[in-house]
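Structure, as structure tokens:
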Amino acid sequence: VFQISKDLYCVLATSRATSWPFFFSLLVIFGLQFMLLGLLVYNQIDFTSSENPMNLPANVGTPVRVSQALILVIALFSQNDLLNGVESLSLGRPTSYRGSDRFSKISRLQWKFASILRISQGLLNVFCSFILSIQSETVFDVVLNVMGVGFVSGLDDVAFHLAGSGYFGGKVKRSAKDIEHGDFVRERYYGQMSCLVGLKKSFHTIVAFSVLGLAIFFFTFLSIQQNNGVYTLQNLHVIIGDTEIPYLGLLNGCYEATNEIFNQRIVYKQVGSVGIKDAEFYYCPNLWNGRGAWELGIEHTSYIPRCALSAGGNMISEATTAYDLMDVASDRWHFDEEYTLADSFDIYETNDCKDFFDGRYVRSFNDCRIVQSETSVPMYLVQNEPADGNIYSNTATSHAVYASSKDVIEEETDIIFFTGRRWVLTTAAQIGFNGSDILEYLSTYEMHWSFSSDWVTLISEDVLRGPSDYYPFGVQWYYPDLVGQTYLPAADTSRPAPTLECARCSPDTNQCTFGTCNRTTRICECQHNETGALCQNLPLGNGICDEFFNEDMRRLRYFSDSRQDMKLDYDGGDCCGSTCTQSHCGNGALETLFGASLEVEISKQFIGYQKCKNEQMAVLLLQIIPLPTASDVHMPPFEVQCGEGNVTYLRTPLFLTAAPEALQSERIMVPCGVNCQMRIEGISFSTGVDRIRLLLEGQSLVDGTDQNGTDTLLLERTIPFDEDMKWSVPMQPS
């Protein structure tokens, strides 16, 4: 005589299939238990991952591992639904009963159906307990997670007791009460072999230990995999600032998990590095006064092993026991134990180092095959797009590499390549290039560590997060600061160097700043004395007035019809006497004088600014008044100077002859409010000149807007006169 389990599975087995107790039991079992456990499995397992679908931690400590093993045993043997379900399925339904007549209608099929549901829920519960326990990283989490799963398993028991109290209707209450007070008897297996009877009675024990053995097998297998670093993140993208310590930029790039386990953690090595000076991430148990931390170290030898503080130059995380390097990725890192880095130290997850070094660099290599600065020789692209499956996996060779020689690279050949955060320009001799393939040579990242900091000729600005991470043009270059630096120098920002530009133009992706792009040669054809590969260096401020650039602002069209304003400042001030700063300003700029044409060779001896444009200046009109009887006018040499430095605004060193009817006013633009003078030489030799008149052109400046007015006479002198003509220009011309 025995009693069946007091839960909803027995209500399901003993109730008619069309009754409310039957459907209520199904609702609780499927609507609560199976759904919650299913959602738990769905949430804890990453079905899209083939490497770590169960989201296992990188590794755990020994106390956690022991607690995981113990909790699996406890979770299994405390799982009554699984054990009772196997027992009821193997022994079959009761053959007789004492209690309610409703038990006489228990069918064999319905009993098996309820038993199979009970077993399924029990197995799912054990599986969830297994998943949650091996995903836990602390003993507390192990216990807490498994207790939560056990609560879900007991929901049918809770619902049964509530049903017995009448919470779900009278019919369900009567079913629960009948099960509580009912006694049952099974057949005694007359006529069956004793061994078969014993097997049926102990079948649930066999199943329990079989499930336990299977769980222990997988637990052991997964634990070994964890200890071997299988579930550790395999590839890291590291970005380290180099403002404080310049050579840290060399440590930027991709790091790949090795097969080496050091202090129960995986060792990461920088991709492309070789030899004894590898850059590696590893765990050290005794760094912060006996507490452990992750370390990024370099230069390890048998004399300077890992975790040796005497090595110096290593990066150390905050104190931690983390098995996963990503757990300290956002922590503050330190230079040795004494100095906290203010620079960024970022670690990111990447799927594959080959993906990291793939198309975003190499697919665009052919965009610009030649770069050149205003003063340098052309630099030719050495890097070619790799063939399928041959991806360059090194910080230097994954970017564009340029050399000043198209063919054979010799000792004096200039070479440009990327070092992790900055571009460098050096020579083949300075990096010890031995004449083999330059790309193969650069792929041995150890070569960066093989030299003192004087191996760099020029170094660029920090370009890691900008578009110039791909190419060396369009960035600011500097001469290196070699004082107190090792491995890689700092950029001396007080000594800028010429900027490199792509020497191949494109109407769509690399337009000429000025000039036009020859679609055949892809060379910018400069038309107004511009220089540079893209005609981007304008002849502003060179002392020669170029009328094409003689305006304050120019709106340029760039890619995708975008617009950009460029400040020209009236050809850099070259076209006006008050703003030109060169020693040869105004030479040869006069094409006519008082209406008379000047030959080019003669004009070179004159000074003038006929093309000056500036709305904020006053305009002087200088007039030569001929004698009424003169057939020809011989104008004497003269010079007009203004301002504190006696800046020359007009100078004619020669006598000029012109017909009286051809004479015109000569315009001179000078700043408002200055004092001017006009000195005339050889007046006694001039003929046909009656007097010289100086007027202020009729323009008044009102809110910066020109308004027409009447010319104002400043002074007038009759020829000859003995003293220089002097006058003051009004602050506001009227």
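Quick notes on this one:
- Restricting attention to segment 690-704 and to residues that are at pLDDT 75 or above and in a loop (DSSP other than H, G, I, E, B), the residue that is most open to solvent (accessible area, probe 1.4 Å) turns out to be Glu697.
- For segment 615-629, the set of residues classified as open to solvent by 40 Å² or more (accessible area, probe 1.4 Å) and over 22 Å from Val689 (Cα atoms) consists of Glu615, Gln616, listed by residue number.
- Those helices (runs of 4 or more DSSP H) of segment 1-69 in which 3 or more residues are open to solvent by less than 40 Å² (accessible area, probe 1.4 Å), touching a residue at least 60 places away in the same chain (Cβ under 8 Å) and in contact with a Ser or Thr (Cβ under 7 Å, 6 or more places away or on another chain) occupy 8-14.
- Test: residue in segment 442-457 that is surrounded by 14 or more Cβ atoms within 10 Å (Cβ to Cβ), touching a His at 6+ places or on another chain (Cβ under 7 Å) and modelled with pLDDT under 80: no
- Contacts under 9 angstrom Cβ, first residue in segment 564-582 being farther than 18 Å from Val647 by Cα, partner part of a loop (DSSP other than H, G, I, E, B) and hydroxyl-bearing (Ser, Thr, Tyr), 6 or more apart: Gln564/Tyr558; Met566/Thr513; Asp569/Thr579; Tyr570/Thr579
- Among the conditions (1) surrounded by fewer than 17 Cβ atoms within 10 Å (Cβ to Cβ); (2) at pLDDT 70 or above; (3) assigned to a loop (DSSP other than H, G, I, E, B), Gln430 misses just one, which is (1).
- Looking only at residues of segment 132-160 that are in contact (Cβ under 8 Å) with a residue 24 or more places away in the chain, closer than 18 Å to Gly38 by Cα and open to solvent by 10 Å² or more (accessible area, probe 1.4 Å), we find that the one that is farthest from the chain's Cα centre (by Cα) is Leu155.
- Considering segment 276-308, and only residues there that are hydrophobic (A, V, I, L, M, F, W, C), modelled with pLDDT under 85 and within 27 Å of Thr62 (Cα to Cα), the residue that is surrounded by the fewest Cβ atoms within 10 Å (Cβ to Cβ) turns out to be Ala308.
- Among the residues of segment 516-531, those that are open to solvent by 30 Å² or more (accessible area, probe 1.4 Å), under 22 Å from Met379 (Cα atoms) and either of a type in the set (Phe, Trp, Tyr) or in a loop (DSSP other than H, G, I, E, B) (or both) comprise Asn518, Arg519, Thr520, Thr521, Arg522, Ile523, Cys526.
- Filtered by the rule that a residue be of a type outside the set (Gly, Ala, Ser) and without any contact (Cβ under 8 Å) to a residue 12 or more places away in the chain, segment 162-173 gives Leu162, Tyr167, Lys173.
- Which numbered condition Thr486 fails, given (1) open to solvent by 70 Å² or more (accessible area, probe 1.4 Å); (2) within 25 Å of the chain's Cα centre (by Cα); (3) touching a residue at least 40 places away in the same chain (Cβ under 8 Å): (2)
- Filtered by the rule that a residue be modelled with pLDDT under 85 and open to solvent by less than 30 Å² (accessible area, probe 1.4 Å), segment 490-512 gives Leu500, Cys502, Ala503, Cys505, Ser506, Asn510, Gln511, Cys512.
- Here Asp469 qualifies as under 20 Å from Asp343 (Cα atoms) and modelled with pLDDT under 75.
- Any hit, segment 675-689, residues being surrounded by 14 or more Cβ atoms within 10 Å (Cβ to Cβ), at pLDDT 85 or above, out of contact with any Phe, Trp or Tyr (no Cβ under 9 Å at 6 or more places or on another chain) and at negative phi: no
The values are calculated or read from the model by the stated rules, or taken from the named source; none is laboratory data. Here the structure is a predicted model, which is why all the values come from computation and not from measurement. Note that each Cβ is placed from the backbone with ideal geometry, even for glycine, and that neighbours are counted across all protein chains shown. Accessible surface is based on the protein model in full, side chains and every heavy atom, while ligands, DNA and RNA are left aside. Shrake-Rupley method; radii C 1.70, N 1.55, O 1.52, S 1.80 Å.
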